[in-house]
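Trainee: Please see the structure below; I have some questions.
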Amino acid sequence: MTERPLGDLLRELAPQVLAALLRRYGAGQFDICEDAVQEALIAAVQQWPRTGRPDDARAWLVTAARRRLIDQIRSESSRRDRERSEAMLHEPLAGVAVAHADDSVQLLQLCCHPALTASAQITLTLRAVAGLTTAQIAHAYLLPESTVAQRISRAKARIRETGAAFPAPLGADDRLEAVLAVIYVMFSEGHTVTTGGAIHDVDLTDQAIHLARMLHAALPEDGEVAGMLALLLLTDARRPARTTPGGRLVPLDEQDRSLWNRDLIAEGIGILERSLPLGEAGPYALQASIAAVHDEAPDAESTDWAQILVLYRLLERQTGNPVVTLNAAVAEAMVFGPRAGLASIDRLAASGRPVDAQRAAAVRAHLLERAGSIPEAVAEYRAAARGTRSAPERDYLDSRARRLGHRQ
């Protein structure tokens, strides 16, 4: 059997190790627990290639992180605090070597600290548990990186001010909105990586889907939890067709739909059909419904764009999200023509709402190309290419600009 890549294994185990420390030492400081886990991961990267992976990698990491946590507390605490902390730390870690229960959802709930604002809960959890970088989180929320970094620092300070305790969640639905937001951003970043040379981070999308499945199993009657799981499955089903064997990005209307994962599509649609009658569809259920319309169409020409436009307008009314407005502009262009879509983008730009300039340029380029405005489309494709940190996306946008440039 091929051994799993070390990075994938450590990413899977890191939240479990952090959960073990927080569960045992919840009265300790969150950032110290996080630092201890990071140091244990670094030690694993340095040692395991030489010594071989331990039989129980999770237990090894928990032990290493625990030792580092004890060292930090001993070196940084006053004598009185140290005596109290050591009394707690010397309690045996019962069952750590054999307990492998997946408590990832509970960890998300723990980190969504009730003393924090919703935005701070989400940001801190994405950084500490999901392992997203400050840049990735900033991109997801259209914020400067400095703002995200300050939000994380303030969140940790606020937790310290409240005594550094992490209140246990009251049930599966406690802090649910923040947990769903974390899972959504995790999947989005994995589905389209915002930096580097890969278009997908399959490990991250798989982790998000796993969390959504666990949450749905705990809350089977919650329409938004069901909508989240359906959305992730219906979106991930298209992954095999999103790139060529050489890694080139393939847009939705050009994908080979025979490569789509029909099992995931059937599962996602089944979840939607069971959950939609439970009540009014929320944002995740609406997005899942849009994904279902795409996935059920046998080809691009058969897509029911009128239905997609209605769903996007409902979603825009609920969220006010400018990303939704951009997506709705594409649907509007497919129903009423590219000039109608371009007019929607112009209204968005004039509204003063925060807009992802790179994404807006890419959408404008696509619609200008459809409208036959080739020089303007080339300029927008080039602007979009300059604005992305993703190498596959940049290559795709540059190739579109070059292809259209030859037609001028």
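Trainee: Run the 1.4 Å probe and let me know the accessible area of Thr192, rounded to the nearest 10 Å².
Mentor: Rounded to the nearest 10, that gives 50 Å².
Trainee: Using the Kirkwood radius over Cα pairs, work out the Stokes-Einstein diffusion coefficient for segment 105-170 at 20 °C and 1.002 mPa s, in µm²/s as a whole number.
Mentor: So the translational diffusion coefficient is about 180 µm²/s.
Trainee: If you don't mind, there's one more thing I want to ask. Name the residues whose placed amide hydrogens come within less than 5 Å of the amide hydrogen of Thr243, ignoring near sequence neighbours (fewer than 5 apart) on the same chain.
Mentor: Amide H neighbours of Thr243: Val250.
Trainee: Percent of accessible area on the chain owned by carbon and sulfur, 1.4 Å probe?
Mentor: Ligands and nucleic acids excluded, carbon and sulfur reach 52 percent.
Trainee: Using Cα pairs under 8 angstrom and six or more residues apart, how large is the relative contact order of the chain, in percent?
Mentor: Computed value for the chain: 11 percent relative contact order.
Trainee: If you don't mind, there's one more thing I want to ask. Run the 1.4 Å probe and let me know the accessible area of Tyr284, rounded to the nearest 10 Å².
Mentor: 40
Trainee: Let me ask something else about it. Got the relative contact order for segment 203-272 handy, in percent, Cα pairs under 8 Å and 6 or more residues apart?
Mentor: Rounded, it is 33 percent for segment 203-272.
Trainee: Can you tell me the orientation of helix 357-371 relative to the chain, as the angle in degrees between its alpha-carbon axis and the longest Cα principal axis, to the nearest 10?
Mentor: Long axis of 357-371 versus the principal axis of the chain: about 20 degrees.
Trainee: Take the alpha carbon atoms of segment 216-280, find their radius of gyration, then divide it by 2.2 N^0.38 Å using N residues; give the quotient.
Mentor: Normalised Cα radius of gyration, segment 216-280: 1.32.
Trainee: Taking the Cα atoms only, what angle lies between the long axis of helix 322-336 and the longest principal axis of the chain, rounded to 10 degrees?
Mentor: Its long axis makes an angle of about 30 degrees.
Trainee: Hey, another quick one. Round to the nearest 10 and give me the degree value, 0 to 90, for the angle of helix 145-161's Cα axis relative to the longest principal axis of the chain.
Mentor: 30
Trainee: Right, next: Before rounding to the nearest 500, sum -39500 (n - 2.57) across all DSSP H runs of length at least 4 in the chain and divide by the residue total; then give [θ] at 222 nm in deg cm²/dmol.
Mentor: -22500 deg cm²/dmol
Trainee: If you find the alpha carbon centre of segment 331-348 and of segment 359-402, how far apart are they in angstrom?
Mentor: So the separation of the two Cα centres works out to 17 Å.
Trainee: How much space per residue, in cubic angstrom, does the convex hull of the C-alpha atoms of the chain take up?
Mentor: Convex hull of Cα atoms, per residue: 164 Å³.
Trainee: Any idea what the alpha-carbon Rg over 2.2 N^0.38 Å comes to for segment 317-408?
Mentor: For segment 317-408, the normalised Cα radius of gyration comes out at 1.06.
The values are calculated or read from the model by the stated rules, or taken from the named source; none is laboratory data. Just so you know, these numbers come straight off a predicted model, no measurement behind them. Calculation scope for accessible area: heavy atoms of the full protein, side chains included, ligands and nucleic acids excluded. Shrake-Rupley method; radii C 1.70, N 1.55, O 1.52, S 1.80 Å.
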